[in-house]
Each structure stands twice: as structure tokens, then as C-alpha cells.
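*Asks:* Here it is: the structure, laid out below.
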Amino acid sequence: MDEESEKWARILWDYLCLHQPLKKSDVIIGLGCHDLRVAERSATLFLEGWAPWLLFTGNLGKQTAGVWTRPEADVFLDVALRMGVPRMNILLETEATNTGENIRFSHRVLKERNIPVSSVILVQQPFMERRVYATFMRQWPDLRELKHAIVTSPQLSIFEYPHPTVGTASDLICYMLGVVERIRDYPDKGFQVEQQISTSALSAYHWFLQAGYCPK
């Protein structure tokens, strides 16, 4: 990225990342995607003792359909097992194809296993933190019983995120633009709670559109 693009990209990244501090919770939910670092972060949090259960959710979504042949949750499971997470502590949800389903179907799996949950750690890509939180607060059925929901992600800077398996810096910008649009539009559709979009984030969004970037 040139200097001007970098400035605006940092503004979007800083708006979309929540940087919430971790708290001991009942379950860690790793939301499926094409970034295996999300699985690694989820497994690391379990191994550090942040929760007694690790749940991976996801079938195949926009970024993995036609690329992977197995559900995202199954691929994430392999990562966690290689890192030493005991299989008996891992739950799988392999039907979800979008973020709302990730949340609702994960809740269903926990209910079916009679695992009481009043605190959750959600793990996704850094630029998805705000959107995941907004979706959780609309889609989780037992909000009245919830003490806290924390969203975290692989601990990466904006420059560390691009990788051959997840895309270039330009891809990242397009992803962030798409997330901003969903934060803007999805509350009216009932998919997410309202999140104020900062003036600086809106300016960055429009700058990239004028520069020719297309939201993904």
C-alpha cells in the first residue's frame, strides 16, 4: 500500500477491531472461515485455560466453498488436535454458512449437550470482531442469561494479516469495505444490533470506493 492507502486502511482496521480484554468463560467459539490462524487462536485460548469447552462452527461459506472439500469446523478441528486440545473438549457444528447461523447453531449444539453457558469468547478474523459482536448480540437466544460475550482474533497487525492463504493487502481492504457495509445495512434486516460507524471510518470507506476498490 502507498502511504495514503495505508492511512485509510489503518482507520478501517482500528474501527473494526474491538481489542476486548479476555475473561474466563464457559466456552470458546471459533467461527469458521478460510483463515486457519483463527483455529490456532481458538486452540491457544483453550490451552491457556480461558474456557473448558472449545466449539468450532461452520460448513462451507463464500471463501471456502469450492476451495475446501470439508466443513470449516472439521478443518479447524484438525488444527486444534495437532496443537494438543483433547478431542473430548471439542464440540462441532457443521451446518452454518453465515455468521448468524454460526451463532444460533452453536447455541443449539450447547443446549443439546446440556452445557450451561453464561459467558462466551468468540474468535474470528481481526476485521470481523465488530461485526461478530453485533451479530451475537442479535442472534444469541439467551442474552438475558449472559454475563459477557468477548470477541477476539489472531493477534496480528494490519501488515501481518495478508498471507497467501487469505489474500493480499488489497483483498483485505475489500473485505473491510464489505464488513462496513454489513454493519451499516444489517441492523435494518434484523441480522445485527446497531453499531455507530465513526466519521473517520465512513471517510475511509468512501475514499477506497473512489479509489476503485470493491467491497467483498
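The values are calculated or read from the model by the stated rules, or taken from the named source; none is laboratory data. Not measured: the values here are computed from a predicted model. Here the Cβ positions follow ideal geometry from the backbone for every residue, glycine too, while neighbour counts run over all protein chains shown. Ligands, DNA and RNA are excluded from the accessible area calculation, which covers all protein heavy atoms including side chains. Shrake-Rupley method; radii C 1.70, N 1.55, O 1.52, S 1.80 Å.
*Asks:* Which of the residues spanning the range 152-185 are among the aromatic types (Phe, Trp, Tyr) and either open to solvent by 80 Å² or more (accessible area, probe 1.4 Å) or over 26 Å from residue 104 (Cβ atoms) (or both)?
*Replies:* 159, 161
*Asks:* Additional query: Would you confirm whether or not the range 153-173 contains a residue that is modelled with pLDDT under 95, out of contact with any Pro (no Cβ under 9 Å at 6 or more places or on another chain), hydrophobic (A, V, I, L, M, F, W, C) and within 29 Å of residue 6 (Cα to Cα)?
*Replies:* yes
*Asks:* Does the range 45-60 include one or more residues that are closer than 24 Å to residue 148 by Cα and of a type in the set (Val, Ile, Thr)?
*Replies:* Yes, there is a match, as at least one residue in the range 45-60 is closer than 24 Å to residue 148 by Cα and of a type in the set (Val, Ile, Thr).
*Asks:* Show the residue pairs that are 6+ apart or on different chains and have beta-carbon atoms under 8 Å apart, the first residue being within the range 75-93 and open to solvent by less than 30 Å² (accessible area, probe 1.4 Å), the second being in a helix (DSSP H, G or I) and among the polar types (S, T, N, Q).
*Replies:* Partner pairs satisfying both residue conditions: 76/42; 80/42; 93/102; 93/106.
*Asks:* Pick from 11, 29: which is touching a Leu at 6+ places or on another chain (Cβ under 6 Å) and of a type outside the set (Gly, Ala, Ser)?
*Replies:* After applying the criteria, what remains is 29.
*Asks:* With the requirement that a residue be crowded, with 20+ Cβ neighbours inside 10 Å and touching a residue at least 40 places away in the same chain (Cβ under 8 Å), what does the range 51-74 give you?
*Replies:* Result: 51, 55, 57, 58, 72, 73.
*Asks:* In the range 1-50, which residue that is buried (at least 21 other Cβ atoms within 10 Å of the Cβ) and small (Gly, Ala, Ser) is farthest from residue 168 (Cα to Cα)?
*Replies:* Only one residue fits best here, namely 25.
*Asks:* Can you tell me how many residues within the range 60-103 are modelled with pLDDT of 95 or more and among the small types (Gly, Ala, Ser)?
*Replies:* Residues meeting the conditions: 5.
*Asks:* Any residue in the range 3-22 that is under 15 Å from residue 131 (Cβ atoms) and at pLDDT 95 or above sitting within a Cβ distance under 8 Å of a residue that is not acidic (Asp, Glu) and not in a helix (DSSP H, G or I)? List the pairs, counting only those 6 or more apart or interchain.
*Replies:* Filtered contacts from the range 3-22: 13/158; 15/197; 15/198; 17/153; 18/151; 20/150; 20/151; 20/152.
*Asks:* Pairs needed: first member in the range 187-216, farther than 30 Å from residue 4 by Cβ and assigned to a helix (DSSP H, G or I); second member anywhere, of a type outside the set (Lys, Arg) and open to solvent by 80 Å² or more (accessible area, probe 1.4 Å); C-beta distance under 8 Å; at least 6 residues apart or different chains.
*Replies:* Final answer for the pair search is 187/194.
*Asks:* If you don't mind, there's one more thing I want to ask. Since residue 149 meets every condition but one in (1) open to solvent by 10 Å² or more (accessible area, probe 1.4 Å); (2) in contact with a Phe, Trp or Tyr (Cβ under 6 Å, 6 or more places away or on another chain); (3) farther than 23 Å from residue 43 by Cα, which condition does it not meet?
*Replies:* (3)
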